[in-house]
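Since the structure comes first, as structure tokens, the remarks are kept for the end.
The values are calculated or read from the model by the stated rules, or taken from the named source; none is laboratory data. All values reported here derive from a predicted model rather than from experimental measurement. Quick reminder, even Gly has a Cβ in these numbers, built from the backbone with ideal geometry, and neighbours come from all protein chains shown.
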Ligand code: 5GP
Ligand code: MN
């Protein structure tokens with residue numbers, strides 16, 4: 001955690017203590033940190049005796065559907081009226097793993113109108129200034145790590161149990177890609193060790209998150225790496241793309257492309273990786289980088305999206321796949337200095 005004195009944990013504790021009905025909300029297309037941090041906090045608050053609902057905008061991949069109390073998560077895309085009622089009758093909303101309300105997609109309008117107190121717990125840069133308290137820290141590995149720190153600071157440690165620890169560990173493991181990235185601070189490992197001390201099964205969690213794919217997914221990965229990988233050595237960049245027809249051929253299911261974009265970064269000399277995937281009415285873009293290449297600035301300047309410096313994403317609604325890729329290649333010279341400092 002960065003300089004913790006700047007966070008108002010007293011206010012977080014006060015708002016939680018005073019609240020009876022708490023809604024935990026995360027971003028559109030929830031990932032392992034979104035679900036792990038939300039369910040992790042859910043178990044802590046339930047242990048505190050609170051009435052708690054976890055609300056997500058839409059469905060999430062099967063490999064996340066095993067976390068303790070997964071069946072209690074409410075999906076707005078499936079249960080619109082129930083979710084609306086839960087949000088509107090809550091006296092406290094805690095937003096997890098996103099920095100602006102628009103990231104909740106189809107829940108945006110309901111949340112924007114909602115007048116309940118709101119707490120943000122998140123690790124993305126540039127949080128929107130609309131929350132009653134912000135625990136927003138880009139230096140932590142994951143929102144799950146920050147939930148753990150927040151629980152300690154609010155003196156809720158005795159309410160952490162194996163269920164909350166399992167969910168938080170899954171969130172931490174997701175955002176560090178199993179302790180590969182975002183974990184240069186020893187504190188992340190201290191927290192991982194503390195979570196393990198609740199008796200969770202690390203191997204089992206790892207297996208469920210990372211070794212739980214369909215055969216089709218593995219074949220699609222093989223296809224995209226062998227047929228659709230383009231390397232631009234002059235910019236230390238690699239990109240891949242998948243059309244709707246290709247996804248259909250491999251019976252693509254939500255979550256199947258998780259991790260694809262990271263493979264390009266395993267190539268010697270590649271520091272910037274992109275993946276373009278055709279969705280129903282837009283192109284989904286994923287950027288990853290090493291070092292000082294600010295993928296979030298690149299994506300927000302030229303496409304629509306955002307995220308972290310080394311991992312960001314977005315959606316392109318106006319351009320076709322060909323046009324999106326052409327545009328991507330055309331902007332690389334603008335970043336030549338950071339992409340390939342040796343070119344100068
Ligand atoms: P992914 O490439 O895995 O979809 O996303 C990587 C990261 O980029 C996410 O953790 C999230 O922080 C951010 N991100 C993904 N999609 C979007 C988007 O549409 N808008 C914004 N602002 N950020 C996104
Ligand atoms: Mn996260």
### Query
If we scan the range 206-214, do we find a residue that is within 16 Å of ligand 1 (Cβ to nearest atom), under 24 Å from the mean Cα position of the chain (by Cα), farther than 30 Å from residue 162 by Cα and buried (at least 16 other Cβ atoms within 10 Å of the Cβ)?
no
Reported set for the range 69-97 where residues are part of a loop (DSSP other than H, G, I, E, B) and crowded, with 22+ Cβ neighbours inside 10 Å is 73, 76, 90, 97
If we keep only residues of the range 20-37 that are out of contact with any helix residue (DSSP H, G or I) (no Cβ under 7 Å at 6 or more places or on another chain) and buried (at least 22 other Cβ atoms within 10 Å of the Cβ), then the residue farthest from residue 139 (Cα to Cα) is 30
Among residues of the range 299-326 being more than 16 Å from ligand 2 (Cβ to nearest atom) and out of contact with any strand residue (DSSP E or B) (no Cβ under 9 Å at 6 or more places or on another chain), the residue nearest to residue 236 (Cα to Cα) is 326
Over the range 46-64, the set of residues in contact (Cβ under 8 Å) with a residue 40 or more places away in the chain and touching a strand residue (DSSP E or B) at 6+ places or on another chain (Cβ under 9 Å) is 55, 57, 58, 59, 60
Original post:
Is at least one residue of the range 55-76 out of contact with any helix residue (DSSP H, G or I) (no Cβ under 9 Å at 6 or more places or on another chain) and more than 30 Å from residue 311 (Cα to Cα)?
Top reply: no
Going residue by residue through the range 276-298, is there one that turns out to be in a helix (DSSP H, G or I), within 27 Å of residue 139 (Cβ to Cβ), more than 16 Å from ligand 2 (Cβ to nearest atom) and not assigned by TED's automatic domain parsing to the domain that holds residue 181? yes
Of the candidates 165, 144, the one satisfying the condition of being within 16 Å of ligand 1 (Cβ to nearest atom), touching a residue at least 60 places away in the same chain (Cβ under 8 Å), assigned by TED's automatic domain parsing to the domain that holds residue 50 and buried (at least 21 other Cβ atoms within 10 Å of the Cβ) is 144
Within the range 248-273, residues being part of a helix (DSSP H, G or I) and within 27 Å of residue 173 (Cα to Cα) number 5
For the range 2-28 the number of residues that are touching a strand residue (DSSP E or B) at 6+ places or on another chain (Cβ under 9 Å) and either at positive phi or outside any helix (DSSP H, G or I) (or both) is 12
